[in-house]
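Note sheet for the following structure.
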Amino acid sequence: MIPSDVDQLHPQFWSYVSPYIQRVREAPRDADQHATLGLVYEANELWPEAQACFRIAVKLDPLQPLARLHLAIATQKLGDSAGALAVLQGTVQQFPGFAFAHHRLGDALLETGAIAEAETAFRQVIEFAPTAPEGYMGLADVKLRARDFARAAELLERALELRPGDRSASYLLGLASGGLGRRADAQRELNRGANSGKKYMIDPWMRELPPHAKGVPRQMRRALAFMKAGRHAEAAQFFEETLRWHPRNVDVMNNLAIVYMRLEQPEKARDMLLRAERTNYDRYATYVNLASCHMQLGQVRKALEYADRSVTLAPKVAQTHRIRARCLLRFQRKDDAVEALQIAARLEPKKSALHMQLGNLCVQLDRDAEAKEHYRDAAIQVPSLLQAHLSLGDACLRLGELDEASAALAAAQRLAPNDPKVSSLANRLSGFENRR
């Protein structure tokens, strides 16, 4: 299957997909070759071509459930929800123990409002894949819609036991907790699960997709995942390969420069960022990164110049004011740094780290009243942030506001009753109260 708009394909992708097309031509009756070509198309979101390949693979090998599953995925992506549902229903009938298809079927049924049928599908997932959290999360979603919040919470707690920190499970648990009237628990879990998306079980073929992805967005996501995992050398290789095919992509240049900085290669980062600047003089992110890079090089005055340039280009972007504050702090211009961070905090009022940094700076400047307000903002935004409550308690003690210090201590004790810092704050508060 060759894309109809070959002339529109980027040379990088065409270079990559051509050998897979050739293998299909050489073995037109080989289901595996058609399926592999389908995965290449799927990885690059060429859904009509992927659907055609998987349909042929199913015809050539009717006993391969994964080909049917990915045929359903491609069909769904093309907007044919009914067709995808039919494929999934046929798949679970032929392969009743295939948990991946049951999970997709459950989700598809939820979309149509067939709640009872969806519940059956998710129960099948739990039966055939009891250690996969997705089955419990799917069934919990059913229970949420039925307003059975207690059972939903039980299922989601089980999901989080199987995969601690799963953001989708946390978000759903927040909804269940809210339904049970547990407001504090609900807010905590909703914060943990903020911006989480729908999750599907990762089938064996899905694990093969990342290496096939050759579009810039997909390659960027994969490289960024390596960065997040601390695998910076591998991230650099991906960005370098992407830049080879997209030599004027400023986003790639900036991310590659960030990787170089993390690899302690600031000279390479500087050269890459100067290349980005020559390509586009109006990208504030380039100047933010140039400021960071020159800080790493020990060239603080030059760093501040780049930071000032970033603020000029993007005065309503908090990041530009944060990097300027970093530079100002290197010059010990703490009052100016506070002013820059205050602007950043107004632009990103829900960023607790900014308020913590401002609070700490205000303490250094003996501005305890201001520090107190910033610590309070941080504690309100992230109630589970222990240090915010501790710092708020300390600021209140210095201001002689013992009732507020006591409230901050109580919040800290609820979070970590045995933490030495909590005990220290309690002892200091007790000392102040004894001197009343």
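The values are calculated or read from the model by the stated rules, or taken from the named source; none is laboratory data. A quick note: this is a predicted structure, and the numbers were derived from the prediction, not measured. So basically every Cβ, Gly included, is an ideal-geometry build from the backbone, and we count neighbours across all protein chains shown. Surface accessibility is based on the protein's heavy atoms, side chains included, excluding ligands, DNA and RNA. Shrake-Rupley method; radii C 1.70, N 1.55, O 1.52, S 1.80 Å.
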Quiz prompt | Spin-label model distance (nm) - Asp32 vs Thr112, 7 Å beyond Cα toward Cβ | solution = 3.5 nm
Quiz item: Rolling a 1.4 angstrom probe over the protein heavy atoms, how many square angstrom per residue are accessible across the stretch 4-73?
Solution: 48 Å²
Exercise. Could you work out how far helix 250-262 tilts from the main Cα principal axis of the chain, as a 0 to 90 degree angle to the nearest 10?
Key: 60 degrees
Exercise. Per DSSP H run of at least 4 residues, take -39500 (n - 2.57); add these up for the chain, divide by its residues and hand me the 222 nm value, nearest 500 deg cm²/dmol.
Key: -24000 deg cm²/dmol
Quiz item: Mind checking the log10 I(q)/I(0) for the stretch 165-210 at q = 0.18, 0.22 Å⁻¹? Debye, one equal scatterer per Cα, no solvent, two decimals.
Solution: -0.55, -0.68
Quiz item: Can you give the extra length, in nm with one decimal, that the chain gains between Tyr281 and Arg151 once fully stretched, where that is 0.36 nm per residue apart less the Cα-Cα distance?
Solution: 41.2 nm
Self-check item: Unit charges on C-beta of K, R, D, E only; dipole of the chain, Debye
Solution: 840 debye
Exercise. List the lysines whose Cα lies under 26 Å from the Cα of Lys350, skipping any in the same chain that are fewer than 8 positions away.
Key: Lys198, Lys228, Lys316, Lys334, Lys372, Lys421
Quiz prompt | Top of Lys228, Lys77, Lys214 by mean-square fluctuation, Gaussian network on the chain, Cα under 10 Å | solution = Lys228
Exercise. Could you work out how far apart the two model spin labels at Gln237 and Ser18 are, taking each label as a point 7 Å from the Cα in the direction of the beta carbon, and quote it in nm?
Key: 2.4 nm
Practice problem: Specify the angular offset, from 0 to 90 degrees and rounded to the nearest 10, of the alpha carbon long axis of helix 149-162 from the longest principal axis of the alpha carbons in the chain. | Solution: 90 degrees
Practice problem: For helix 402-415, report the angle its Cα long axis makes with the longest principal axis of the Cα atoms of the chain; keep it between 0 and 90° and round to the nearest 10°. | Solution: 30 degrees
Quiz item: Tell me, what is the FRET efficiency for Ala86 and Glu264 to the nearest 0.05, using R0 = 60 angstrom and their Cβ-Cβ distance as r?
Solution: 0.60
Self-check item: the stretch 136-290, relative contact order [Cα under 8 Å, separation at least 6], %
Solution: 12 percent
Quiz prompt | Cα convex hull of the stretch 254-367 - mean projected area over all directions, nm² | solution = 6.9 nm²
Quiz item: If exposed chymotrypsin sites (Phe, Trp or Tyr not before Pro) are those in a DSSP loop with at most 16 other Cβ within 10 Å, what is the longest stretch of the chain that has none?
Solution: 1-199
Quiz item: Given the convex hull of the Cα atoms of the chain, what is a quarter of its surface area in nm²?
Solution: 25.6 nm²
Exercise. Considering Cα pairs under 8 angstrom that are at least six residues apart, work out the relative contact order of the stretch 1-144 and quote it in whole percent.
Key: 13 percent
Quiz item: Could you give the accessible area per residue of the stretch 336-436, probe 1.4 Å, as a whole number in Å²?
Solution: 51 Å²
Exercise. Please give the per residue accessible area of the stretch 87-243, computed with a probe of 1.4 Å over protein heavy atoms only, in Å².
Key: 49 Å²
Quiz prompt | the chain, accessible surface, carbon-and-sulfur percent (1.4 angstrom probe) | solution = 49 percent
Quiz prompt | Inter-site label distance for Arg244 and Asn191 at 7 Å from Cα along Cβ, in nm | solution = 4.6 nm
Quiz item: Using Cα pairs under 8 angstrom and six or more residues apart, how large is the relative contact order of the stretch 38-110, in percent?
Solution: 23 percent
